[in-house]
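S.K.: Mind looking over this structure? Questions follow.
The values are calculated or read from the model by the stated rules, or taken from the named source; none is laboratory data. Since we're looking at a predicted model, the values are computed, not measured. Using ideal geometry, Cβ is built from the backbone for each residue, glycine included, and neighbour counts are taken over all protein chains shown. Note: areas computed on protein heavy atoms with side chains; ligands, DNA, RNA excluded. Shrake-Rupley method; radii C 1.70, N 1.55, O 1.52, S 1.80 Å.
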Amino acid sequence: VQLVESGGGLVQAGGSLRLSCAASGSTFSIVAMGWYRQAPGKQRELVATIISDGGSTNYADSVKGRFTISRDGAKNMMYLQMNSLKPEDTAVYYCHARQGIAGSWGQGTQVTVSS
């Protein structure tokens, strides 16, 4: 599975961005997808996940109520709607797809939130 993120950019605190992740290849094998982020000098952390079967979602406490993950299976797309952005949300955001015990990563998209 190949993943390509888009939609990152520079936004002021309180603003919104929508990230997109386009999946291609053996997308039928994807059981779950998610967004992760990595800020400078920090470890990569989970932001949100969505299960392919049923659409169950999970969020990091730091983004609950502000971010919404969604998926369009027919278009092989995943989205992350980010509202009420804070400077601490600044990071490179990565798309991830899980296929059984294997996983694939996108190249990342930079999100910068200015105060």
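S.K.: In whole Hz, with x marking every Gly and Pro, tabulate ³J(HN,Hα) for the stretch 50-58 from phi via Karplus 6.51 cos²θ - 1.76 cosθ + 1.60, θ = phi - 60°.
M.R.: Residue by residue, the stretch 50-58 yields 9, 8, 5, 8, x, x, 4, 10, 9 Hz.
S.K.: Which whole-Hz ³J(HN,Hα) couplings does the stretch 70-81 yield from phi under the Karplus relation 6.51 cos²θ - 1.76 cosθ + 1.60, θ = phi - 60°, glycine and proline marked x?
M.R.: 8, 9, 10, x, 5, 9, 6, 10, 10, 10, 9, 8
S.K.: Still on this structure: State to the nearest 20 debye the size of the charge dipole of the chain about its Cα centre, where the only charges are +1 on K and R beta carbons and -1 on D and E beta carbons.
M.R.: Details: 10 positive and 7 negative charges, 11 e Å.
I would put it at about 60 debye.
S.K.: Considering amide H positions built from the backbone, and no H for Pro or chain starts, which residues 5 or more places from G108, or on another chain, come under 5 Å of its amide H?
M.R.: Residues meeting the criterion, in which the H sits 1.01 Å from N, are E5, C95.
S.K.: If you don't mind, another one. Per residue, what accessible area does the chain have, given a 1.4 Å probe and all protein chains present, in Å²?
M.R.: That works out to 52 Å² per residue.
S.K.: Next question, about the same structure. With a Cα-only, solvent-free Debye model of the stretch 52-115, what are the log10 I(q)/I(0) values at q = 0.13, 0.28 Å⁻¹?
M.R.: For the requested q values the scattering log ratios are -0.43, -1.43.
S.K.: Further, regarding this structure: Can you send over the carbon and sulfur percentage of the accessible area for the chain, probe radius 1.4 Å, protein chains only?
M.R.: Numbers: 2910 of 5920 Å².
That share works out to 49 percent.
S.K.: Once phi is turned into ³J(HN,Hα) by the Karplus curve 6.51 cos²θ - 1.76 cosθ + 1.60 with θ = phi - 60°, what whole-Hz value does each residue of the stretch 22-30 show in order, with x for glycine and proline?
M.R.: 9, 9, 9, x, 7, 5, 5, 8, 6
S.K.: Give me the one-decimal nm value for the distance between modelled label points at W105 and L46, 7 Å along each residue's Cα-to-Cβ direction.
M.R.: 1.7 nm
S.K.: Using protein chains only and a probe of 1.4 angstrom, how many square angstrom of M77 are accessible, to the nearest 10?
M.R.: Roll a 1.4 Å probe over it and M77 shows about 40 Å².
S.K.: Would you grab the residues whose amide H sits under 5 Å from the one on V47? Only those 5+ places off in sequence or on another chain, please, with H modelled 1.01 Å from N.
M.R.: Under 5 Å from the amide H of V47 lie the amide H atoms of W35, Y36, R37, each far enough along the sequence or on another chain.
S.K.: If you build the Cα gyration tensor of the chain and take the root of 5 times each eigenvalue, what three semi-axes come out, in whole angstrom, biggest first? Kindly include the intermediate steps, with their values, before the conclusion.
M.R.: Values: eigenvalues 109, 38, 32 Å².
After scaling each eigenvalue by five and taking roots: 23, 14, 13 Å.
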